[in-house]
Every structure is written in C-alpha cells, then in structure tokens.
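Notes follow the structure.
The values are calculated or read from the model by the stated rules, or taken from the named source; none is laboratory data. Note that this is a predicted model, so its numbers are computed, not measured. Neighbour counts are summed over all protein chains in view; Cβ atoms, including those assigned to glycine, are modelled from backbone coordinates with ideal geometry.
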Amino acid sequence: MKAIKIHDLSFAYGEIPVLDHISLEVPEREFLGIVGPNAGGKSTLLKLILGLLTPTRGSVTVLGLPPEKARTRLGYVPQYPAFARDFPVTVEQVVLMGRLGKGRMMGGYSSADRDIARRVMAETEIANLARRRIDQLSGGQLQRALVARALACEPEILILDEPTANIDMRVENELFDLLKQLNERMTILVVSHDIAFISGYVHRVACLNRTLICHRTEDIDGQIIQQLYDNEVRMVAHHHH
Amino acid sequence: MHAILEYGFLQSALLAGLLASIGCGVMGTYVVVKRIGYMAGGISHSVLGGMGAALFFGFAPMKGALVAAITAALLIGWIKLRWRAQEDTLIGAMWAMGMSIGILFISRTPGYATDLVSYLFGNILLVSREQIGHMAALDLLVTGMVLAFYRQFLAVSFDEEFARLRGVPVNFFYLLFLCLVALTVVLLVQVVGLVLVIALLTLPAAIAGHYIHTMGRMMIAASLLGMVFTTAGIMLSYYLDVPAGAVIILIAGGSYLASAVFSQWWQQGKARRSLARMFHPGTR
C-alpha cells in the first residue's frame, strides 16, 4: 500500500488556481522533499493531504483512507505555528497535545501518554526543557518541540512545512539528521525552499509550481533548479553525507 | 467587623462575591489568554435583552439573563463558524441588539428606572439566598466542565488547527467554551452588573498573568485575587455607603494598573541581575 496517493488533483482558492492536475504516489518509508517558489502551492498541497482543505477536483488517499479518516495517524509540523508565542504553556504540555484524540475523552493524560511524551522529548533532545515555557525557547528549540509534538502522535507519516525557515544552518543540519533517523520507521514529507540543502537527505524531490514534477535526487542539477525558479536561485553546492 | 456578623445581607453579598470569583478566575484566564475580552463584553451586554424580557413577563431576571447569554454565545459562535462573519462586527451587532431589546422591554414595564441601573451596574447587597444557590450551581457546572475537558480546552485555545488534526471536535468545544463564558458572565452580572463584567472577568486573570505562566495556576491565583477584590469592595462600599460594583471594579482596575507597572519594573530588575551575575560572577 502507498502511504500517499494523489490522483489528478486540482485546487483553487476561489477563482485563483493553486494546484493544477497533480499526481503523486509516495511509497511507505520514503523521504520526500517538496520544493518550489513561494505561492507555488506547497503548503496547500500539505493541507489537502491533511484533509484541512478539500480538493476542487481529483482525489487524495492517505494510508488507503480519505484524509480526514487518516489524519490522526499523521504527525504535522506547521510552518508558522498558529499559536501565540506568549501563551502560558510548557514544552511538556505542548508535546502532550500530540496524545489528544487517543485514549479517553475526559480527565487528564494517562501515564502511558506521559511516557510517550518523555520518550519523544528525549529523542528530540529537549527533555531538559520539559518545564520551560514556550516563550523562553529559541527558534531551534521551539522547532524541536513542534517535532516532538508531532512525534507524540506516533505517526506513520511525518509532514513538515518549512521546518528550517526560522533557524540557523547548524540547527538545520541537526534537524535533518534527526529526520533521517526517524525515516527508518516512518514516511516523511518535508517542504523546503532550499532544494540544494535537502537533496543531501531526501530520496526524491517533488518540484511544485502549480504543476508537479518529481526528480530522483541523483538527477537534480542546475538546469532543473533554474527551470523551477526561473533563474532566480543561485546554485549552492550540494550537501553530501 | 461586627457588621458582617450582624447583617445577613452583608454575609450574602460577601458569599456572592466569593462564588463569582471562582467562575471569574477560571474562565477569565481563558478570556485573557485567548484575548476575547470583547467577545465577553458582547455576551454580557446582550444579557440586558433577556433581563428586560424576564422583567416584562414576570420571570426572575437571572433566568432571562441565562437564556440571553447562552443564546448570544451560540449565535456569535455559530454565525462565525458557519458564515465566517467578521468577528468584531458580529459581536458589536449582538452587543447593541441585546441592549436595544432590553431597553424596549424595560420601557414597557412600570417602575423600570431603578431596575435598569441595578442591571447595568449591579446591586450585590440585594442578592437573595436563592440567587446564591444558583450561583453555586453555575460555579459547579463551569469548573466541572473545565476539569473534565481541560486537555481539549487547552488544545483548542492554544492551537485550533493542531487540535482538529488530532480528531478533537473543535467546533463543539468552541461552542461549549462560549457557553461557559456566558454562564460566567451571568454569574458576574449578579455582582457588578453587566457593564462592569468585562473588568471583573479579565483584570484578576491579567494580574495573575503578570507573574504566573501556567493556565491552572493562573486560574487559582485569579480566583483568589477576585475574592480579595470583591470582599474589599463590598466592605468598603458598605462603610462609605456607595455602590459596591463600582468600588470593586476600581479596586481591581487600580490593582491591575499598579501591577502592570510593577511587573515591568520587576522583570527588568531580574534581567539586570542575571546579566550582572553572568558578567561579574561572585557579586550579587
């Protein structure tokens, strides 16, 4: 079974077309990068996969189910956190929110939930920040907390929207090293504007600018990048491990 | 102090103040953190419609207030979710329409003038034993709901999108949340009147938020602060022979302003001290 199957998908906000006849199949355990210019439809594609938006035409199947049915089996790290940075919660409380929707409806979190939260905080190396308020975190620390929250969902597919937009290069490397580790047990989709950087990590790159073209990482060269960005991007040396 | 022991109405007033403070601390914390003070204001003012109608038809004003508050909350929530109306305009419309309905009913009811003022600005010294029983029941309902669904309320108010992705019925909890705000508003209308509700709902929680940064503790601290403000306000108004609602709000408002200044100064002092420790270890 494919983790994600997108067939002839089109989407428009009102009369403005954003995605045009897109088809994409993501096998399980793939590490897929999605790149493209701003307003190219990257975040929209993710929201369609998460079932937060409904396709204008075509279909999306996630883990063999409609997106709304599959969404609790996904972990999502948003580009712009939808919350206020000064909201009075601790890192641990935020990570525990990943456990919502599993287990009982009323009352507090179970001890199993707390164990899972502890485990994913250790995995993302923020265990020492558990009691810290989120407004006291650096950009990189907050990003790790959001990854931990997504991992607390025990997802089969992890979806990240521009996870490195607000963090520096060193932290960016650390984050992708972590994603590479996680990829051993889950499918990962990561949106980025930095094709050169992610091609050192991902298996395939999907270039999205209203339409979608997939490339295997080995095939990516300056010409493809130029086509995608219309000469606006400088070619940066590939990052290899 | 012997006035408290001697006069039943003073005991009732103080008890009503304490009961109102519980709801105000719990829901006020959400209102402050979510920055929906204006929404609470809209609900509280639209309550006049229900009170006016109750007066006209000869029901207890509190029952009318309850119906009006829940109706306003559900209408605001439903129209916002269903029709994506602009929230502030929508609240403004409910605010003004509720008051207009109230004024029309009251103008048709003989002897309206004194009632109107006590609805608008509260008359806690007239609160009855029966009303106190109702207030306790509202408190139980609000705190019970918040305790039962604490995780969902926190998740929905923190990050609605993520809560939705976790399969939390976000719209249901949003409407339930607005209903709990409405119940709290009715609770507070008894004490300070509908014009002053926003202040009592937000100021204790806002003061708590200056020093405390987890929701649960903010709720407790805000409830305690509310108790101090209402008790002090009622006693002071009794000795000065002035309206209690206004005195309570002035005490709460004054404390808030003082705390806003003090907490800034305190934070800056803390930052200076930690810098000093960093660059001159060993000194204090």
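For region A:176-193, give me each residue that is surrounded by fewer than 21 Cβ atoms within 10 Å (Cβ to Cβ), under 14 Å from the mean Cα position of the chain (by Cα) and farther than 18 Å from A:ILE4 by Cβ.
Hits for region A:176-193 are A:LEU178, A:LYS180, A:HIS193.
Mind checking whether some residue in region B:89-109 is touching a residue at least 12 places away in the same chain (Cβ under 8 Å), of a type in the set (A, V, I, L, M) and within 14 Å of chain A (Cβ to nearest Cβ)?
Looking through region B:89-109, none of the residues is touching a residue at least 12 places away in the same chain (Cβ under 8 Å), of a type in the set (A, V, I, L, M) and within 14 Å of chain A (Cβ to nearest Cβ).
Could you check how many residues of region A:172-204 are of a type in the set (Val, Ile, Thr) and either out of contact with any Gly (no Cβ under 6 Å at 6 or more places or on another chain) or farther than 24 Å from A:GLY140 by Cβ (or both)? Explain how you work it out, then say what you get.
Here is the first cut: in region A:172-204, the residues of a type in the set (Val, Ile, Thr) are A:187-188, A:190-191, A:195, A:198, A:202.
Those still in the list that are either out of contact with any Gly (no Cβ under 6 Å at 6 or more places or on another chain) or farther than 24 Å from A:GLY140 by Cβ (or both) too: A:187-188, A:191, A:195.
The qualifying residues number 4.
Which count do you get for residues in region B:145-187 that are touching a residue at least 60 places away in the same chain (Cβ under 8 Å) and of a type in the set (Asp, Glu)?
0
Taking A:GLY98 and the conditions (1) touching a residue at least 40 places away in the same chain (Cβ under 8 Å); (2) more than 12 Å from chain B (Cβ to nearest Cβ), which numbered condition does it fall short on, given that it satisfies the others?
For A:GLY98, the failing item is (2).
Considering only residues of region B:43-60 that are of a type in the set (A, V, I, L, M) and in contact with a Gly (Cβ under 8 Å, 6 or more places away or on another chain), which is surrounded by the most Cβ atoms within 10 Å (Cβ to Cβ)?
To start, the set of residues in region B:43-60 that are of a type in the set (A, V, I, L, M) comprises B:43, B:47-48, B:51, B:53-55, B:60.
From what's left, in contact with a Gly (Cβ under 8 Å, 6 or more places away or on another chain): B:47-48, B:51, B:53-55.
On the way: B:VAL47: 31, B:LEU48: 29, B:MET51: 33, B:ALA53: 22, B:ALA54: 22, B:LEU55: 22.
Ranking the qualifying residues of region B:43-60, first place goes to B:MET51.
Go through region B:236-261 and report how many residues are in a helix (DSSP H, G or I), crowded, with 16+ Cβ neighbours inside 10 Å and either touching a residue at least 24 places away in the same chain (Cβ under 8 Å) or of a type outside the set (A, V, I, L, M) (or both).
11
Over 19 Å from B:MET39 (Cβ atoms), modelled with pLDDT of 90 or more and of a type in the set (A, V, I, L, M), is that true of B:LEU141? Show your work before the answer.
Details: over 19 Å from B:MET39 (Cβ atoms): yes; modelled with pLDDT of 90 or more: yes; of a type in the set (A, V, I, L, M): yes.
Taking the combined requirement at face value, the residue satisfies it.
Which condition number in (1) away from chain B (no Cβ under 13 Å); (2) out of contact with any strand residue (DSSP E or B) (no Cβ under 7 Å at 6 or more places or on another chain); (3) outside any helix (DSSP H, G or I); (4) in contact (Cβ under 8 Å) with a residue 40 or more places away in the chain is the one that A:GLN143 fails?
The number of the failed condition is (3).
Here are the criteria: (1) buried (at least 21 other Cβ atoms within 10 Å of the Cβ); (2) among the β-branched types (Val, Ile, Thr); (3) within 15 Å of the chain's Cα centre (by Cα). Tell me which single one A:VAL95 does not satisfy.
The number of the failed condition is (3).
Does A:LEU45 meet the test of being more than 10 Å from chain B (Cβ to nearest Cβ) and surrounded by fewer than 22 Cβ atoms within 10 Å (Cβ to Cβ)? Walk me through how you get there before you give the answer.
Working: more than 10 Å from chain B (Cβ to nearest Cβ): yes; surrounded by fewer than 22 Cβ atoms within 10 Å (Cβ to Cβ): no.
No: the conditions fail for A:LEU45.
From B:VAL181, B:VAL189, B:VAL185, grab the single residue that is within 14 Å of the chain's Cα centre (by Cα), over 23 Å from B:ILE220 (Cβ atoms) and more than 14 Å from chain A (Cβ to nearest Cβ). Break it down into steps so the answer makes sense when it comes.
Working: B:VAL181 fails: over 23 Å from B:ILE220 (Cβ atoms); B:VAL185 fails: over 23 Å from B:ILE220 (Cβ atoms).
Answer to the check: B:VAL189.
Quick one: would you say A:GLY75 is surrounded by fewer than 17 Cβ atoms within 10 Å (Cβ to Cβ), within 14 Å of another protein chain (Cβ to nearest Cβ) and in contact with a helix residue (DSSP H, G or I) (Cβ under 9 Å, 6 or more places away or on another chain)?
Numbers: surrounded by fewer than 17 Cβ atoms within 10 Å (Cβ to Cβ): no; within 14 Å of another protein chain (Cβ to nearest Cβ): yes; in contact with a helix residue (DSSP H, G or I) (Cβ under 9 Å, 6 or more places away or on another chain): yes.
The answer is no for A:GLY75.
Answer with yes or no whether A:TYR80 is touching a residue at least 40 places away in the same chain (Cβ under 8 Å) and either surrounded by 18 or more Cβ atoms within 10 Å (Cβ to Cβ) or closer than 28 Å to A:ALA196 by Cα (or both). Steps first, please.
Working: touching a residue at least 40 places away in the same chain (Cβ under 8 Å): no; either surrounded by 18 or more Cβ atoms within 10 Å (Cβ to Cβ) or closer than 28 Å to A:ALA196 by Cα (or both): yes.
No: the conditions fail for A:TYR80.
Considering only region A:101-133, state which residues are within 14 Å of chain B (Cβ to nearest Cβ) and among the β-branched types (Val, Ile, Thr).
Selection gives A:ILE116 alone.
Go through B:VAL146, B:VAL156, B:VAL168 for me and flag whichever is part of a loop (DSSP other than H, G, I, E, B), within 28 Å of A:THR90 (Cβ to Cβ) and within 14 Å of chain A (Cβ to nearest Cβ).
On the way: B:VAL146 fails: part of a loop (DSSP other than H, G, I, E, B); B:VAL156 fails: part of a loop (DSSP other than H, G, I, E, B).
Answer to the check: B:VAL168.
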